[in-house]
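Remarks on the structure that follows.
Nothing in this text is a laboratory measurement; each read-out follows from the coordinates by a stated rule. What you see is a predicted model, and the numbers here were worked out from it, not measured in a lab. Don't worry about glycine lacking a Cβ; one is built from the backbone with ideal geometry, like all the others, and counts go over all protein chains shown.
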Amino acid sequence: MNNLSDKEILNMCRADNSSSYGFNLLVKKYQQKIYWIVRRILINHEDTNDVVQNIFVKVWENINNFREDSKLYTWLYRISTNEALLFLKKKKLKATLHFYNYEHKLINELQDDNFFAGDEIQMKLQKAILSLPVKQKLVFNMKYYDDLKYKEIAEILNTSVGALKASYHFAVKKIEKYIIDN
Amino acid sequence: MNIKKKNINTDNLNDIAPFLSKIDKKNPFVVPDDYFDNLPLLIQKKCTKRQNINFWSKIYEYFLTPKHAITIAFGVILILISSIFIFNNINDNSNNNSFSYIENIIKENYDIDNIDESLIVETLLSEVDTNDIANLVINNDIEMLNSDDIIDYLSDNIDDVDLVF
């Protein structure tokens, strides 16, 4: 698609005469990665679509504030995770006010979801992941699906490697138990 | 007794979750056809729309933040207090100037030290220009006075009405 480095894309985004083109390249390069980060947290495609668009608008508005202390991907991952969690928090709050459990609703929706193509065991795995606490869910997704290193996850979630290892261990154990029990 | 600390290798799923490790690690979710082809355009449109947000609504949003609203409120209060203070000083000065001006005229023209009320009114009517009276009224912030009010006021406060008419 495009072989430009992150640095080159960032420079184009920040230059007045190429900002739109540069940003378009950034979107094309990272849209799928960001989409799947958010989708695995929110499950629902429509919600994910809204949040992903908002994430890129936020990136567009703050691209000049990115100080390059971390990699562009780490920065994007952090924004995506925060936005997805914020959305989830609002949904959960709304669910609480209407006296229903949001995770249960997601599990029910997953069974009828046209955009879910997994088999029975995949469905079981997704239900197991949905039953995890938020932090364990994030760490599991980052490690299991995205193959991120603990150091990278620590940078994104701003936490220690030791805590992440513990979270991942508990998450895996819970998922294993869920699969065996169900 | 030797206690061996068991190291759990969390990177190796086989060690901690044999069932999970057998599940094919694939993405079970799908997206609508051509979704990723159209997404950049949707994002571009959204960014452009955000950029074109009305200038005044941006100002409005800016002022809505508590920090700015409090700062602006303090600024307005400060300006109001300063205005009242400055306005009062101007009035005081103009009043002092008017009375000293009349006093000087009387002293120069009549060469007397004791000044009574009728003399002041007589001098006012003969020496002070109507524009000066108008200015005096304006400076004293008497906006709603009409001719009837002035006549009523003078009738109540001046004994010798003929001096006025």
Along principal axes, largest first, the alpha-carbon spread of chain A in whole Å comes out as 57, 35, 33
Calculate the translational D of the stretch A:118-182 in whole µm² s⁻¹ from Stokes-Einstein, where the hydrodynamic radius comes from the Kirkwood formula applied to all Cα pairs, the temperature is 20 °C and the viscosity 1.002 mPa s.
178
Pick out, in residue order, every one of the trypsin sites (Lys or Arg not before Pro) in the stretch A:6-80 that is DSSP loop and has at most 14 other C-beta atoms within 10 Å; say none if there are none.
A:ARG67, A:LYS71
Read phi for every residue in the stretch A:94-110 and hand back ³J(HN,Hα) as whole Hz from Karplus 6.51 cos²θ - 1.76 cosθ + 1.60, θ = phi - 60°, with x for Gly and Pro.
4, 5, 4, 5, 9, 6, 9, 8, 5, 4, 4, 4, 5, 4, 4, 5, 4
Mind listing the long-range amide H neighbours of B:PHE29? Cut-off is under 5 Å, sequence gap 5 or more, other chains count too, H placed in the peptide plane at 1.01 Å from N.
A:ALA117
Ignore the peptide's own chain and count Cβ atoms of other chains within 10 Å of each Cβ in A:20-27; give me the average, rounded.
3
Peptide A:52-60 - average C-beta neighbours from other chains (10 Å radius):
4
Can you pull the mean other chain C-beta count within 10 Å for peptide A:168-177?
3
In whole Hz and in residue order, list the ³J(HN,Hα) couplings for the stretch A:163-170 that follow from phi through the Karplus curve 6.51 cos²θ - 1.76 cosθ + 1.60, θ = phi - 60°; x for Gly and Pro.
5, 5, 4, 5, 4, 5, 4, 5
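List, in the order given, every pair from A:LYS124/B:LYS22; A:LYS105/A:LYS127; A:LYS90/B:LYS49 whose Cα-Cα distance in the structure shown is over 18 Å.
Working: A:LYS124/B:LYS22 13 Å; A:LYS105/A:LYS127 11 Å; A:LYS90/B:LYS49 24 Å.
The answer is A:LYS90/B:LYS49.
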In the neighbourhood of A:GLU155 defined by beta carbon distances under 11 Å, the net charge of the other residues (Lys, Arg +1; Asp, Glu -1) is +2
Separation between the A:PHE66 and B:PHE19 pseudo-spin-labels, each 7 Å from Cα along Cα→Cβ, expressed in nm?
4.1
Extension gain (nm, one decimal) between A:TYR145 and A:LEU130, 0.36 nm per residue minus Cα-Cα
3.9 nm
For the stretch A:127-134, Karplus-derived ³J(HN,Hα) couplings (6.51, -1.76, 1.60; θ = phi - 60°; whole Hz; x for glycine and proline) come out as 5, 5, 5, 4, 7, 7, x, 3
Take every Cα pair under 8 Å in the stretch A:54-182 that's 6+ residues apart, average their separations, divide by the length, and report that relative contact order as a whole percent.
24
Crossing angle, helix A:45-62 versus chain A [Cα axis fit, 0-90 degrees, rounded to tens]
30
